[in-house]
Each structure stands twice: as structure tokens, then as C-alpha cells.
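Just below is one structure, and these are the notes that go with it.
The values are calculated or read from the model by the stated rules, or taken from the named source; none is laboratory data. None of these values were measured; they are calculated from a predicted model. Reconstructed Cβ throughout: ideal geometry from the backbone, glycine too, with neighbour counts over all protein chains shown. Surface accessibility is based on the protein's heavy atoms, side chains included, excluding ligands, DNA and RNA. Shrake-Rupley method; radii C 1.70, N 1.55, O 1.52, S 1.80 Å.
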Amino acid sequence: MTSTVAGTHREVEFKFRVPEDFPLAALLQGEFHGVAEPDRHMKATYFDTTDATLLRWGITLRHRTGGSDDGWHLKIPVDRSQAVSGASVRQELHSNEPAGTPPAEFLSVVGALLREAELVPLATVETQRTPYLIRVDGEPALEIVSDRVRVYRGSDVVDSFREIEVELLSADALPAAKTFVRSLRTAGAEESSVSKAAAAFGGAAARQPDIPALPRPRKSALPYDIIRWAITKQARRLLLAEVESHLVQTPQRLVGELQNMRQLLTILHNFLDAAETQEVIGEIDWLLTEMSSPTQVTRDQEIALAAISLIDDPLDRHEATIAVEDFFSSRAASAQSSAVAAQRSDRYMYFFSDIMDFATVPPVTERAYVPGKLWPHIDATDRFAAAEIFHKVYPKKARRILQHSVRAQSDSDARDIHQLLRRIALHSSSGSAASFALGIAVGESGRVGNTDRRHP
């Protein structure tokens, strides 16, 4: 079946609510002289669960007609590292599938958040848009739009307003956008971060997502409050990394957040119910094994190729390269297939549902409710990791530990380069020449010793 997902792009825009008589034309002068484009009348239907699951995570799903990109749009907030101050930065997926049922590709992206809840049409938004194109040095830089919006729930109008959006058309346009945004603020425009359809979602739109963003506790708070803050914070990062893994087609960040969650639960083991926590850790270990396999295979191949690059003789180097590529070709395909199968399994979806429940009500022991500091009950071997996680709660203690401690680096998953090359030689189907060349590589790799060890 041919996919109808047209593509993705990173959307960076500044949004403002303004009165009907806001003098936008007066600002579109000088360097921001805008070329007016034809008006558009757009109609969008927004889909969500009945309790606005997606919207509460900052995600919107709609089908729109009348614009320059008719079809389905799924907009997902980016990781904080990609944020732009004052702007809405989201990854947008577009599909030209017909109206009706949301595209299956979109449902797979947000499946872990939905927990099998049904998506239904909740709001209709009609927009009369007047767009202006701003060029910088002759190149399209900004699109500034003036929207007059009506929001419907069923046949009832629940909101109407005027909105101005400033969207970047190129990454280099950010300085120009910020300059224009300052002029909007000076003229009285009020920044807005809510979806156009939010008014139609009712009170659910104002609630926290299924895993709430809790305020950072004081160090004098009950251990329970600090524990719940830390677990919910990490669970949110884990869920958003899961969504992102579908967009970037790599589980790298997801694997990292799984490792972070495992480490956090290990650090807090003196406060958590052992049976429930160990069950979650067991599922994390299963998922780490499945999801990190493609990365491990790729990394091992890189290590092997780096080792054989030390061979002086070009013929031996060529033979060894063929053997390495032959060894890893089938393993890479098998690892990728295993990771995809895991991500599509019921066990995978149940895991993320369990993580939500675990984070919402952490299974703590009575010790978590005893007034006193959390820190003395963290094992000495976990203090460095705890300092990294809780540095905002215990800034002085964490700073002292991070400055004067040397973190023990776990190498349990690293592959010894000599053993790796021997494995390739033993399994090579390229004959004695390749085995001989790989033997040379084993000797040559002694120059760098074990400094080529890598983590998966």
C-alpha cells in the first residue's frame, strides 16, 4: 500500500490575539513591507478524545480544506532543546488522505498517549485568512497572517476572535521575526499559545495531561513529593521521546530516556515497592534490549571498521572490510526488524500505559511519608547519578558531588574490540584471506588498547 503521508516539517511561529481593529497594515511598512496574497477561507475539523488527551499534551490533529496545504495535519511540540523563546515550535506531519478517519500513520505516532481511546471530531474552526509574504534580501522569510476565526462545537459558535501569526519560512529569518514580534507587542498585541480550537474543548482543555507537569518541590518537602516530581518529570520525557521516535525514525532518544528511567527507579529503590518497581524495570530491560539492538549493531560495525583502517596493506584492508560488511549486513536487518516488531506489539503499548499509572501514583513505601530528607536514604553508589537528577532540588550538595566525584562508567555492554574482530573472523564466509586480514587488525588495534570501547 502506498503511503499518502506527504511529509513533515518543523513549524516555528509566533501567535497573537488582537482586537478587530488592530492596525496590522501600519506595521507592514519599510523592511517589513508585505506582499498581500489572495485571501483564503479555511475550514478545519479537530479530532481528539472526549477528554482532550492530545490537546492536553500540546498536540493537535485536524483535517483542513481551503488552505495551501489541504489535508490532515498532526502538530507535535518539539523537545525543549529545540525551543525558541516566545514561539510555538512544533513538528508538523501532513497527509493528503481523504477526510473521515485519521490516517493510520498518525494514530501510530500518538498511540502510546491515547491508550486505545477513540478519536472523535470535537470542534470545527472556520478561518478567514489574509496572508502577507515578507522577503529579506529578496528571499521569502516570513509569512504574516491575519486570521478572523470562528470556533464551533456542533452548530454552536463558542468563540470568535482575531489572531495574527508570524511564521518563519527559513531558519535564517528568526532575527527578522523577533524584530517584527517586538513591533506587534509594542502595538498592544497579546501573545497566545492556545490552539484555535481550544475553546470548543471545554474545561478539559485546561487540565493537565495524563502525566502532569508538577512544580519543583523544595528540598524540605516530604520525600513523596520529591519522588513523584522526579518520576513524573522523567515519565513525561519518556512518553514524548516515544512520540518523537516515530517522527525521526530512530529510537536513540527513546533508548536514552528508558535508561534514565531505569536509573531513577534504581536510585529510589529504598522508597518504592520492590515488586511493582522490579516489574517495571524488567519491562524497561526488555525494551532496551529490543530498541537498542540496531544502534549497537551500527556502533559495533563502526568500531570494527575503525580497527581495520589501521591495516597498512590495502589488499588486506579491503579483504577485512568485505568481511566486516558481510558480518553485519544480515545482523543489521535482523536487529531493525526485531525493534519494529517490539514497537508494534501489545506488550509495548501496555508498558507505556503502565508507566503512566506508575508515574501518576508512584507505589511508595511508608518511608516516603515520613518527614525528613530524601538524600540520606540514597545508596552511596547512587549519589553521583542522584546529584545529576536532583540538582535543582539539592543544588549545593549536587554541585559538590559533581565537582569532586568521578563517575564510575559501566562498561558491561561494551564490546572488547579484540573479541569483536575474532567473532567476525570466525563467522566470516570470505575465506582465509579475510581471516588473515582480521588477525592483522587484532594486532594493530593494540595500539589503541581498550580506548575504543563504546556504549550501546
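Residue pairs whose Cβ atoms lie under 7 Å apart, separated by 6 or more positions or on different chains, with the first residue in segment 260-281 and in contact (Cβ under 8 Å) with a residue 60 or more places away in the chain and the second open to solvent by 70 Å² or more (accessible area, probe 1.4 Å) and part of a loop (DSSP other than H, G, I, E, B), are Thr277/His269.
Return the residue satisfying two criteria in turn: it lies in segment 383-424 and is at pLDDT below 85 and of a type in the set (Asp, Glu), and of such residues it is surrounded by the most Cβ atoms within 10 Å (Cβ to Cβ). Of everything passing the filter in segment 383-424, Asp416 is surrounded by the most Cβ atoms within 10 Å (Cβ to Cβ).
Looking only at segment 97-117, decide whether some residue is part of a strand (DSSP E or B), hydrophobic (A, V, I, L, M, F, W, C) and either open to solvent by 10 Å² or more (accessible area, probe 1.4 Å) or under 19 Å from Phe201 (Cα atoms) (or both). So that I can check it myself, show each step before the final result.
From segment 97-117, those part of a strand (DSSP E or B) are none; that's our starting set.
No, because not a single residue in segment 97-117 is part of a strand (DSSP E or B), hydrophobic (A, V, I, L, M, F, W, C) and either open to solvent by 10 Å² or more (accessible area, probe 1.4 Å) or under 19 Å from Phe201 (Cα atoms) (or both).
Before we move on, is Arg129 open to solvent by 10 Å² or more (accessible area, probe 1.4 Å) and either closer than 30 Å to Gly203 by Cα or modelled with pLDDT of 95 or more (or both)? Reasoning before the result, please.
Values: open to solvent by 10 Å² or more (accessible area, probe 1.4 Å): yes; either closer than 30 Å to Gly203 by Cα or modelled with pLDDT of 95 or more (or both): yes.
Yes; evaluated as a whole, the condition is true for this residue.
Within the option set Val151, Val166, Val110, being within 23 Å of the chain's Cα centre (by Cα) and β-branched (Val, Ile, Thr) holds for one residue only, Val110. For segment 199-223, a residue qualifies if it is crowded, with 19+ Cβ neighbours inside 10 Å and more than 23 Å from the chain's Cα centre (by Cα), and the qualifying residues are Ala199, Ala200, Phe201, Pro217, Pro223. Just so you know, in segment 345-372 the residues that are open to solvent by 60 Å² or more (accessible area, probe 1.4 Å) and in contact (Cβ under 8 Å) with a residue 60 or more places away in the chain include one that is nearest to Asp210 (Cα to Cα), and it is Asp354. Per the listing Gln259, Gln263, Gln278, the residue uniquely assigned to a helix (DSSP H, G or I) and exposed (fewer than 15 other Cβ atoms within 10 Å of the Cβ) is Gln278.
Every listed requirement among (1) over 31 Å from the mean Cα position of the chain (by Cα); (2) crowded, with 18+ Cβ neighbours inside 10 Å is met by Phe161 save one, (2). Looking at Val125, is it aliphatic (A, V, I, L, M) and in contact (Cβ under 8 Å) with a residue 60 or more places away in the chain? Considered against the rule, which asks whether it is aliphatic (A, V, I, L, M) and in contact (Cβ under 8 Å) with a residue 60 or more places away in the chain, Val125 comes out as yes.
Residues being part of a loop (DSSP other than H, G, I, E, B) and in contact with a Leu (Cβ under 9 Å, 6 or more places away or on another chain): count how many of those fall in segment 118-157.
Of segment 118-157, the ones part of a loop (DSSP other than H, G, I, E, B) are 118-119, 137-138, 154-155.
Subset that is in contact with a Leu (Cβ under 9 Å, 6 or more places away or on another chain): 119.
Total meeting the criteria: 1.
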